[in-house]
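Accompanying notes for the structure given below.
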Amino acid sequence: MSLSEAVLPVSIEPHDDESGLGYCLRVISGNGASLHALRRLVEIDNIGRFTTKHAQSLGRVFQRSSEWLEMALPTAEKTKPYQRDYFGHRWFSRNHLRTQNPQVCIRCIHAKGYCRAIWDVSIGTVCLEHRCQLVDFCAQCRKPLRWDRPRIDVGHCGHLLKTMPETRVTLRLFNLQSFLEQKFHACFAAEASPDTCHLTLLNRLSLSGIHSVIVGFGLRRRPLEVLHATARTKTYQCKEWAEIVERGLDRLNQFETSTSMHDGLSEVIVESLLEQMVLNHESVHDQKAALTLIEQIFKRKISAEFGSQFAHLSQLELF
Ligand SMILES: [Zn+2]
Ligand SMILES: [Zn+2]
């Protein structure tokens, strides 16, 4: 039998909220093989990533319909402007999704036996069920977690993933997680999910827009901090994301509650992240929110600079 006809003996059904990459790992390890072996079966090179391009071949190997995989695997990255689809949402920066450096809830992993798709969203760093922070490294040897590992509950290092001393989850991160999860799964809900974030600005944004605004507000640790060119798109550890998000939510709260704070905010907010949102994001609400923030915080009329391209935005009521 040629490789192109090979199928795995044990067929395993995915969970609705399961990460596509996590599912690939769960199925292949359930069949006693590794992701490297799976790459060979679907003819990807040794370090290649699984994307929607491989959904058909993976469906054949797993003996399942490829429809779910089409949605649950990230699309191949499209650059200029950066775009990637995952679970019915479009993402506009390479660090919005953790497709290379996963994070997990150790308790969920052991209790449920699968990786949730929401864990692949970088700014979501909390497990609502266990009220703990997600982790992205092995407690025993501190090596970062990778998708290429023997099983979902075992690190690449070979150690069983174990819980570590609890990091306190703040109410602010907990509430944001709840809001993100509703947004993330809204495409499957029969009715649109209610707006639940007390920060009005975030309610109508796309998930990628929420990421850009929170990180735009929270990336700088102190006023006028000079950021390296890669700071906007680099991969951060789960703990670092949690710190960025905490700062971002704190400053957003200041922005929404006190107009006298706006002047100070121009020294901490990363304007280029908001500019990219105006130029690259497809959601009109994202574009409008970013324009409004630039105008109110930096006193700059970016819409005038780009002319009629953004004429449609002036018709929209954002808040
Ligand atoms: Zn959990
Ligand atoms: Zn280890």
Per GNM of the chain with C-alpha springs under 10 angstrom, the most fluctuating residue out of Gly248, Gly88, Gly264 is Gly264
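Given 0.36 nm per residue, what is the gain on full extension from Ser65 to Glu240 after removing their alpha carbon distance, in nm?
Full extension from Ser65 to Glu240 adds 59.2 nm.
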Each label sits 7 Å from Cα toward the beta-carbon; between Leu160 and Arg221 the label points are separated, in nm, by 3.7
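Provide the gained length on full extension for the span Val7 to Glu43, in nm with one decimal, where the gain is 0.36 nm per separating residue minus the Cα-Cα distance. Walk me through the numbers before you get to the answer.
Details: separation 36, 0.36 × 36 = 12.96 nm, distance 1.34 nm.
In short, 11.6 nm is gained.
With a/c under 1.5 counting as rounded, go ahead and sort segment 46-135 into rounded, prolate or oblate using the C-alpha gyration tensor (a ≥ b ≥ c being the square roots of the eigenvalues; past the cut-off, prolate if a/b is larger than b/c, else oblate). List each step's numbers first, then the result.
Details: a/c = 2.19, a/b = 1.26, b/c = 1.74.
Oblate, since a/c reaches 1.5 and b/c is not below a/b.
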Mean-square fluctuation maximum in Gaussian network of the chain, Cα pairs under 10 Å, restricted to Ala139, Ala290, Ala55, hits Ala139
Projected onto the charge dipole of the chain (unit charges on the beta-carbon of Lys, Arg, Asp and Glu, signs +1, +1, -1, -1), the Cα from Cys157, Cys127, Gly88 with the largest positive-side position is that of Cys157
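Is there a quick way to get the dipole size of the chain? I mean about its Cα centre, with the Cβ of Lys and Arg at +1 and of Asp and Glu at -1; what is the value in debye to the nearest 20? Let's see the in-between values first.
Values: 39 positive and 35 negative charges, 198 e Å.
Once rounded to the nearest 20, the dipole reads 960 debye.
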Rounded to the nearest 10 degrees, the helix 271-280 long axis (Cα) sits at an angle to the longest Cα principal axis of the chain of 70
Mean separation of Cα contacts under 8 Å (at least 6 apart) over the residue count of the chain, i.e. the relative contact order in percent, is 14
In whole angstrom, the spacing between the Cα centers of segment 195-230 and segment 161-182 equals 18
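What is segment 161-278 by shape, rounded, prolate or oblate, if you read a ≥ b ≥ c off the alpha carbon gyration tensor as root eigenvalues and call it rounded for a/c under 1.5, prolate for a/b larger than b/c, and oblate otherwise? Present the calculation step by step, with values, prior to reporting the outcome.
Numbers: a/c = 1.57, a/b = 1.19, b/c = 1.32.
The shape class here is oblate.
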Going from the fewest other Cβ atoms within 10 Å to the most, one would list Trp241, Trp119 as Trp119, Trp241
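Kindly put Trp147, Trp91 in sequence by how many other C-beta atoms sit within 10 Å of each C-beta, fewest to most. Before the final figure, lay out each step's value.
Values: Trp147 20, Trp91 25.
Least to most surrounded, the residues fall as Trp147, Trp91.
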Per-residue ellipticity at 222 nm attributable to helices in the chain (runs of n ≥ 4 DSSP H, -39500 (n - 2.57) apiece, nearest 500 deg cm²/dmol) works out to -11000 deg cm²/dmol
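Only the coordinates and a few stated rules stand behind these numbers; no lab work does. No experiment lies behind these values; they were computed from the predicted model shown. Please note: Cβ atoms are built from the backbone with ideal geometry, for glycine as well, and neighbour counts cover all protein chains shown.
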